[in-house]
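Comments concern the structure below.
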Amino acid sequence: MIAAKQYEQALAGLEAISRAEPDNPDALYMSAVCRRYRREFDTALAHLARLQALAPENGRAHQEEGHAHRDMGRPDRALNAYARACRFNPALVASWRGQLHCLTGLGRLREAAEVKSQLDHLQRMPQPLLAVLDLLSQGRLLKAEALCRKFLKRFPRHVEAMRLLADIGIRFGALADAEFLLESARQFQPNNARVHIDYIKALRKRQKFAKALEQARRLLERSPGNPQFQSICAIECMQAGRYEEALRLFDKVLEKIPGDPVTLTSKGHALKTHGQYDKAVASYRAALASQPRHGEAWYSLSNLKVYAFSDRELERMRGQARRDDLPHADRVHLNFALGKAYEDRKDFKASFGFYQQGNRAKKAASAYDAKKMTEELRAQQRVCSAGMLSRGAAHGHPAGDPIFVVGLPRAGSTLLEQILSSHSKVDGTLELPNVPSLAQHLRRRGRSGSEPDYPEILTALSGEEFRKFGRQYIDDTRIHRQGAPFFVDKMPNNFRHIGLIHLMLPNARIIDARRHPMACGFSGYKQLFAEGQQFTYDLADLGQYYRDYVELMDHWDAALPGRVLRVRHEDVVGDLETQARRILDYCGLDFEPGCLSFHRTERAVRTPSSEQVRQPIFTQGLEHWRNYESRLGPLREALGEDIRRRYAV
């Protein structure tokens, strides 16, 4: 009906749908389109505002807003809307054209030339690949993958298709496949800067930091004065622990682009990770002096945990949060920063309100399904029985080097890692992606062939395959070590894969970092994670996830008695020495006093707890959640009766 310009009939049908489903995104979008064509702009924009609240990263909603402002003679507002649309969905050719038209009309010719370059790139792209890019932007990964693979069967050396399939692989966690695709694409087109940059990012995702830095330096050699390449090289220097070199490169970028808020914020991250607190604060403040609405810098200050905002800074944040034109990502960052600012001032009602706004915005852009996660974790219990796991004793790789610290985020795993890495025989590393990546590889292997899906595929694998996986894990993680006999892998989500860990590395140590469910849940809720913890955006999802985690850990205890050491955060805080000795004894390590003065250990810490673990143990945070207790009902309810009884919640 819309295509036939039968707008009145279309609206009648859409209104019937909306009565039954008020939040149907397609109905809201098409209603806005109809209203615009009828020049009912205020109603169209109202529909779009509601749609954007439900789905903040819906590119077509922002594109339609751009069309409305264009037709109303508002080129500045149209330009902003088109730019947002392209950021969320770079396949929207109409939005690139809209930007080009607006920029040309406004006389901003340099920016118009950059937009035209991107538009030309898209128009050269084969239609199937443009469809893949569109599907990717909508989060429809399986359809995007199927279409991309079909195209590559016809054109196996098409570099743009390889880039897209690698992007899909990274989103699925198939990091090795993505690296191979991009490495091959680099061989086909060695001078393609887009491919080179993607390859560097894939290496970083795999935490092959030395190799990523090598490639970043090669990229920079091609154009030593290019600020984008300098920035990429600086980031890879930072990941590889070469902080002085990273800071020099960031300063070179700032010579060319003075006051660039993104570079100043990245420089602040490097200084923070390196333990230079005061200089990190100065860099974040400089970013805000240049661009007051740069939400990431505000959030980075709050994420230092020990930073206190002044009255003036608080008012500046409130002023930015009131802006109608604030980008979605900046609004999210500001909400979490304001939540922390009011928390420090003990205004817990205002604090929770901002945390809630930030989490609602993140959840609206998330595809997390709590029921699906429950099913995945129960599949581990169903498949990994005690009998099946008994194979691990006879098979797998014999190495006893790894110490896996698992659990939920914000449960004290960074503290345990810092205690362990303060021992002379233990290397601290990172939250290593190797085990989740292997699990994803097995899942994709099962779905693409005749083998069963993961975790069912574990029952079909041979002892030799498990030995191979264990050997590969040891080999691939060697780049993170400094030569100590043991090392810590503190990826929290590895609790989902303890069966796989046991089968491939039967002599590895596994420590479960456990924290009171209300304290752990609220701490996760108020933390804005970079990626991978989507269950934290909703209190009910958090409660269900905690319940599922405890249920699965109970299963591992029954199926693998004595295999996992449980360490309660409250016990560590209450009696550090007893718990440190207990942990070291479990790992077969002699006690060393340095483990008790862990806060003096000099090493890069890349988690939200980086500043906290550089201080002695403190107990003030254990009951902090009680300040918000009256607002945490959905969390408590979702924990279930068993958890509430077990922890006296």
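The values are calculated or read from the model by the stated rules, or taken from the named source; none is laboratory data. This structure is a prediction, so every number in the text was calculated from the model and none was measured. Counting neighbours? That spans all protein chains shown, and the Cβs are built from the backbone with ideal geometry, glycine included. These area figures cover heavy atoms from the full protein model, side chains too; ligands, DNA and RNA do not enter into them. Shrake-Rupley method; radii C 1.70, N 1.55, O 1.52, S 1.80 Å.
Set the bar at 23 Å for Cα to Cα. Now go through K205/K490; K208/K371; K340/K362; K272/K362; K305/K349; K201/K252 and name every pair that lies beyond it.
From K205/K490; K208/K371; K340/K362; K272/K362; K305/K349; K201/K252, over 23 Å: K208/K371; K272/K362.
What is the list of residues in the stretch 34-60 whose amide nitrogen lies under 16 Å from a point 7 angstrom out from the Cα of S18, following Cα to Cβ?
Zone members listed by number: 34-55.
For the stretch 333-434, what % of the accessible area comes from carbon and sulfur atoms, probe 1.4 Å?
On the stretch 333-434, the fraction of accessible area on carbon and sulfur atoms equals 50 percent.
When ligands, DNA and RNA are left out and all protein chains stay put, how many square angstrom of accessible area per residue does the stretch 177-259 have with a 1.4 Å probe?
Each residue of the stretch 177-259 exposes 47 Å² on average to a 1.4 Å probe.
Ratio of the stretch 269-383's C-alpha Rg to 2.2 N^0.38 Å, to two decimals?
1.29
Keeping all protein chains in position, work out how much accessible area Y7 exposes to a 1.4 Å probe, and write it in Å² to the nearest 10.
40 Å²
Go through F529, F250 and list them by solvent-accessible area, largest first, probe radius 1.4 Å.
F529, F250
Where Rh is the Kirkwood radius over the Cα pairs of the chain, the temperature 4 °C and the viscosity 1.567 mPa s, what D in µm²/s does Stokes-Einstein return?
Estimated diffusion coefficient is 48 µm²/s.
Could you work out how far the C-alpha centroid of the stretch 243-269 sits from that of the stretch 2-60, in angstrom?
Between the Cα centre of the stretch 243-269 and that of the stretch 2-60, the gap is 44 Å.
Return the Rg/Rh ratio of the stretch 337-383 with Cα-based radii and a Kirkwood Rh.
Using only Cα positions, Rg/Rh for the stretch 337-383 is 1.29.
Please check which bits of the stretch 66-103 a label hung off K5 would reach, taking the label as a point 7 Å along Cα-to-C-beta and the cut-off as backbone N under 14 Å.
Under cut-off, by backbone N: nothing.
Give me the accessible area of W298, 1.4 Å probe, in Å² rounded to the nearest 10.
Solvent-accessible area, nearest 10 Å²: 0 Å².
Can you give the relative contact order of the chain as a percent, counting alpha carbon pairs under 8 Å and 6+ residues apart?
10 percent
Ignoring ligands, DNA and RNA, what accessible area per residue does the stretch 1-99 give at 1.4 Å, in Å²?
For the stretch 1-99, the solvent-accessible area averages 49 Å² per residue.
Given the options A234, I197, L247, identify the residue whose Cα lies farthest towards the positive end of the charge dipole of the chain (+1 on Cβ of Lys, Arg; -1 on Cβ of Asp, Glu).
I197
Could you work out [θ]222 nm for the chain from helices alone, using -39500 (n - 2.57) per DSSP H run of at least four and dividing by all its residues? Round to the nearest 500 deg cm²/dmol.
Using -39500 (n - 2.57) per qualifying helix, the result is -20000 deg cm²/dmol.
Output the relative contact order of the stretch 440-560, whole-number percent, from Cα pairs under 8 angstrom with separation of 6+ residues.
17 percent
Just to verify a number: FRET efficiency for N192 and K150, C-beta to C-beta distance, R0 = 22 Å, to 0.05?
0.45
If you line up the long axis of helix 127-137 against the longest principal axis of the chain, both from Cα atoms, how many degrees apart are they, to the nearest 10?
Roughly 60 degrees between the two axes.
According to the Kirkwood expression over distinct Cα-Cα pairs, how big is the hydrodynamic radius of the stretch 174-326, in Å?
Here the Kirkwood hydrodynamic radius works out to 16.8 Å.
Between Q276 and T104, with labels modelled 7 Å along Cα→Cβ, what's the label distance in nm to one decimal, could you check?
Those two pseudo-labels are separated by 4.6 nm.
At a probe radius of 1.4 Å, what is the per-residue accessible area of I479, in Å² to the nearest 10?
We get 100 Å² for I479.
About its Cα centre, what dipole magnitude does the chain give when the only charges are +1 on Lys and Arg Cβ and -1 on Asp and Glu Cβ, stated in debye to the nearest 20?
1180 debye
May I ask for the net charge around E451, where only other residues with Cβ less than 15 Å from the Cβ of E451 are counted and Lys, Arg are +1 while Asp, Glu are -1?
+1
Below 8 Å, C-alpha to C-alpha, sequence gap of six or more: please give me the relative contact order for the stretch 161-220 in percent.
28 percent.
Express in whole angstrom the spacing between the alpha-carbon centres of the stretch 437-474 and the stretch 125-147.
27 Å
Name the residues whose placed amide hydrogens come within less than 5 Å of the amide hydrogen of V406, ignoring near sequence neighbours (fewer than 5 apart) on the same chain.
Long-range HN contacts for V406: I511, D512, A513.
Nearest-5 percent of antiparallel DSSP beta bridges in the chain?
Beta bridges within the chain, antiparallel portion: roughly 0 percent.
Å³ per residue of the Cα convex hull, for the stretch 490-541?
Measuring per residue, one finds 97 Å³ for the Cα hull of the stretch 490-541.
Quick one: check the C-alpha center-to-center distance for the stretch 327-394 versus the stretch 490-525, whole angstrom.
Result: 15 Å between the Cα centres.
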